[in-house]
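Heads up, the thing below is written out as structure tokens.
The values are calculated or read from the model by the stated rules, or taken from the named source; none is laboratory data. This one's a predicted model, so the numbers in the text were calculated from it and none came from an experiment. All Cβ positions, even for glycine, are placed from backbone atoms using ideal geometry, and neighbour counts span all protein chains on display.
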Amino acid sequence: MAVALTAQAAGAQQPATAAAAGETDALTDKARQLYEEGRQAAAAGKWADAHASFLAAWAIKPHYQIASNLGVACLKLGKHRDAAEYLTRYLREAPATKVNERQNAEASLKEALAKVASVTVQVTPAGAEVTVDGAVVGKAPLADRVFLAPGEHEIGAKLEGYAPATRPIAAVAGRAETVTVQLERAPVAGVGARPFVVEPVAPRAELRTPLLVTGGVVAGAGIVTGVVFAVLAGNRADHAEEVRNELKAQWGDEKRCPEGDVPRCSDLKDAVYDEIDLGNVAFWSLVAGGTVGVGTLVYGLVTMNAEPQKTVPGTRVAPFLGPGIAGLSFSGRF
């Protein structure tokens with residue numbers, strides 16, 4: 001037996017048609033069992049149980065027939081953003097011949113859209129990963145709109161070889177908006193970096209040792225700072241993973257938090273942001289410490305046998321900057 005969207009919302013039963021029976025047969029046995037359990041719970045008005053069964057069936061077989069039922073269950077439970085997503089998926093995939101079912105789905109979708117913001121995300125170039133509040137929701141171009149609960153959000157995109165970009169958005173219930181994200185190519189290592197030649201003059205003997213000591217201390221401090229912040233970033237990452245697993249076990253969805261004020265969701269968001277901030281500090285501390293250390297080493301080698309008031313062999317220095325790499329290239333005779 002297959003039940004149309006209206007029948008599920010109202011709890012009424014209808015005789016299964018041959019087409020609906022064929023659709024149900026397309027589901028795996030386990031998904032069909034869960035689907036039927038959800039349908040029975042919906043008919044009894046037990047929408048929480050129906051939602052759990054439909055969601056489990058969807059995880060096994062993301063069929064548009066399950067999407068319609070899941071969308072209605074979400075709507076009944078006040079999960080308007082999820083309802084909009086599932087009902088939109090149903091309308092995109094369901095055959096045009098299912099006229100009555102599609103009309104019912106459109107009516108339910110209209111009800112859900114009154115509670116959320118509907119955002120059309122346009123990202124260039126195609127193939128970039130699209131994120132909402134840091135969570136990946138798909139690759140550009142997205143098949144459907146993005147639905148957001150009212151409030152502040154951040155839409156971003158990232159693609160290898162391009163600098164990531166984000167756009168803030170203040171979502172308003174019932175409003176349709178368009179957000180455009182244009183990614184710019186990241187500098188390629190060695191490209192656009194114009195090398196320059198350093199012709200140092202041998203310093204006075206009394207200045208060489210203090211400069212080497214100072215450079216060594218600064219380099220060591222940078223590296224130690226980087227290691228400390230890397231450890232702190234790792235701790236926050238572990239904490240974020242623990243919270244994420246708790247939420248997944250509680251809500252059955254590892255990609256996003258449920259609607260409403262969920263303290264652990266705030267905890268997860270704080271942990272993720274802390275991990276990013278601490279990781280950035282660690283990275284740039286290590287880069288700075290390493291750069292100063294290499295510069296100090298080169299300086300020591302260049303001035304090792306220098307005589308006072310005479311020039312030493314030139315050193316060629318070229319900066320390198322690109323995805324995942326940053327530093328200086330040194331060449332010449334020491």
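Please state which one of 134, 127, 156 is of a type outside the set (Phe, Trp, Tyr), under 23 Å from residue 266 (Cβ atoms), touching a residue at least 12 places away in the same chain (Cβ under 8 Å) and surrounded by fewer than 19 Cβ atoms within 10 Å (Cβ to Cβ).
Being of a type outside the set (Phe, Trp, Tyr), under 23 Å from residue 266 (Cβ atoms), touching a residue at least 12 places away in the same chain (Cβ under 8 Å) and surrounded by fewer than 19 Cβ atoms within 10 Å (Cβ to Cβ) holds for just one of 134, 127, 156, which is 134.
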Practice item. Give the residue that is surrounded by the most Cβ atoms within 10 Å (Cβ to Cβ), with candidates limited to residues of the stretch 75-120 that are without any contact (Cβ under 8 Å) to a residue 60 or more places away in the chain and small (Gly, Ala, Ser). Key: 83
Check your understanding: Going by the structure shown, is residue 231 modelled with pLDDT of 75 or more, surrounded by fewer than 13 Cβ atoms within 10 Å (Cβ to Cβ) and closer than 30 Å to residue 163 by Cβ?
Key -> yes
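Residue-wise test of (1) modelled with pLDDT under 75; (2) in contact with a helix residue (DSSP H, G or I) (Cβ under 8 Å, 6 or more places away or on another chain); (3) polar (S, T, N, Q).
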site	(1), (2), (3)
190	yes, no, no
195	yes, no, no
219	yes, yes, no
241	no, no, no
258	yes, yes, no
Check your understanding: Regarding residue 246, is this residue modelled with pLDDT of 75 or more, surrounded by 14 or more Cβ atoms within 10 Å (Cβ to Cβ) and either β-branched (Val, Ile, Thr) or in a helix (DSSP H, G or I) (or both)?
Key -> no
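Would you check which residues across the stretch 27-57 are over 33 Å from the mean Cα position of the chain (by Cα) and modelled with pLDDT under 90 and list them?
Passing the criteria: only 29.
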